[in-house]
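No value in this document is a laboratory result; all are computed from the given coordinates. Note that the structure is predicted; figures quoted are calculated from it, not measured. Reconstructed Cβ throughout: ideal geometry from the backbone, glycine too, with neighbour counts over all protein chains shown.
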Amino acid sequence: MTGPGRQAQLIGTGLIGASIGLGLRHVGWTVTGRDLDEATGEAALAVGAIDRIGRNPDADLVIVSVPSGSAVQAVEEALREHPRAAVTDVASVKASITEAVEAPRFVGGHPMAGSEQDGVAGADPSMFLGAVWVLTPSDRTDPDAFALVHGMVTSLGADVVSLPAPEHDLMVAMVSHVPHLTAATLMSLASRRSEDHAALLRLAAGGFRDMTRIAAGSSAIWPDICADNSAAICDVLDDLIAELQGVRTVVETADREGLVARLEQARAARTNLPLRAVGAADLVEMRVSVRDEPGQLSLVTTTATGVGANILDIEIAHSAEGDRGVLVLVVERPAAERLAAALLVHGLVVSIGQLP
């Protein structure tokens, strides 16, 4: 499904685009790229992120790697210029894009990875190894387009999580957007206080540096993110402010028991964060019989996410006759029974077997 012989078109060859290009070329894709900034395109060519600069009308897949505020226009242009290709994007806000773009060939995406370095200089083909890459299929998503994008993502070593776009935006406000704003705010506060205490920043040890590391990232993308996901971000900020006020109260009142309870609850939650998936040797093949109607693919993939089943590969087996088809999934054995049971609730017939 992916690899030698496949052709990709990059729209935007900065940090994420160039990292994708490096990774795809490593696994055998031919990659063409273009960027509004000529120097960025030339830099991507120089580091080997693309085979050539320009447009490839025969591309199988177009990857739009531009800021979220420009994504809708860029995706729509890509769909017009590449009428047979699947198109995906990498913007960290999804609902506004998926609502505006109705083409079945478009599969919204968001790699949860990055670097504190800016531009092509920070590009790294291993950036996505073990990272989560969210895909946001909808009822109108073409299954073959989804399978191609899914295969591209897993070929880069990422774990696919399928979510409805609005749910994605609510979740990333909590785990990505507000943490970045919090880190930046804490770093700014420390910087201001260092004006009165010259030694302050010299005392910044591991904990402070770990908490504020993401504040070193590029600021260019954040105005668009905050504009496009304002409601979700403000909701989380309100909760954070209320929690901090609660912490202030237990500190001010010397409530030792209350403080320990808060810290222990946080410690337990942090300890139980899910580990990044490792390459699983114990895999099975699941065959899911689905009706030939909109929404079946989205139902299966989002159900898998809901029960913690990581789909490592997906293939569409079309039926020449009738109104049914088969989704062929590769999943880790421990999750297979959970996923099968969840799909059965939706009336889907599932069989589990060994990989051929």
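Label-to-label distance, Leu273 versus Ala231, with points set 7 angstrom from Cα along the beta-carbon direction: 2.9 nm. Close amide H pairs (under 5 Å, H built 1.01 Å from N) link Val132 with Met112, Asp159, residues at least 5 positions away or on another chain. Could you compute the net charge surrounding Asp228? Neighbours are other residues with a C-beta less than 13 Å from the C-beta of Asp228; K and R count +1, D and E count -1. With Lys, Arg at +1 and Asp, Glu at -1, the net is -3. Under a GNM of the chain (C-alpha, springs under 10 Å), which listed residue has the highest mean-square fluctuation: Ala85, Ala266, Ala44? Of Ala85, Ala266, Ala44, the most mobile in the Gaussian network model is Ala266. Net length available on complete extension from Arg213 to Leu283 is 21.6 nm, with 0.36 nm assigned per residue and the Cα-Cα distance removed. With the simple spin-label model, which puts each label point 7 Å out from Cα in the Cβ direction, the Arg55 to Leu240 separation comes to 4.1 nm.
Kirkwood hydrodynamic radius of the chain, from the reciprocal of the average inverse Cα-Cα distance over all distinct pairs: 22.1 Å.
Using the Cβ of Leu148 as centre and a radius below 14 Å, the other residues enclosed give a net charge of -2, where K and R count +1 and D and E count -1. Taking a ≥ b ≥ c as the square roots of the eigenvalues of the Cα gyration tensor, the stretch 168-271 is oblate, since a/c reaches 1.5 or more and a/b is not larger than b/c.
For the chain, adding -39500 (n - 2.57) for each run of n ≥ 4 DSSP H residues and dividing by the number of residues yields -13500 deg cm²/dmol at 222 nm.
With θ taken as phi - 60° and the Karplus curve 6.51 cos²θ - 1.76 cosθ + 1.60 applied, the whole-hertz 3J(HN,Hα) list for the stretch 202-214 is 6, 8, 5, 9, x, x, 5, 5, 5, 5, 9, 3, 5 Hz, x standing for glycine and proline.
Residue-normalised convex hull volume from the C-alpha trace of the stretch 283-354: 77 Å³ per residue. Taking other residues whose beta carbon is less than 14 angstrom from the beta carbon of Leu240, and scoring Lys, Arg as +1 and Asp, Glu as -1, yields -2.
Here's the picture: charge each Lys and Arg Cβ at +1 and each Asp and Glu Cβ at -1 in the chain, and of Leu344, Ala268, Val153 the one pushed furthest to the positive end of that dipole is Ala268.
Axis angle, to the nearest 10 degrees, between helix 333-345 and the longest C-alpha principal axis of the chain: 70 degrees.
Once the C-beta distance of Ala220 and Ala100 is scaled by a Förster radius of 22 Å, the resulting FRET efficiency is 0.50 to the nearest 0.05.
Measuring nothing but how far apart in sequence close Cα pairs (under 8 Å, 6+ apart) lie, relative to its length, the chain scores a relative contact order of 14 percent.
Against the main long axis of the alpha-carbon atoms of the chain, helix 296-306 sits at an angle near 30°. With r defined as the distance between the Cβ atoms of Glu42 and Gln117 and R0 fixed at 22 Å, what FRET efficiency is calculated, to the nearest 0.05? For Glu42 and Gln117, the calculated efficiency is 0.75. Label separation (Gln265 vs Met171): 2.3 nm, computed from points 7 Å beyond Cα along the C-beta direction. GNM on the chain, alpha-carbon springs under 10 angstrom: the most fluctuating residue among Ala232, Ala18, Ala49 is Ala232.
Would you kindly work out the equivalent ellipsoid of the stretch 7-163 from its C-alpha gyration tensor and give its semi-axes, the square roots of five times the eigenvalues, largest first in whole Å?
They are 21, 17, 15 Å, listed from largest to smallest.
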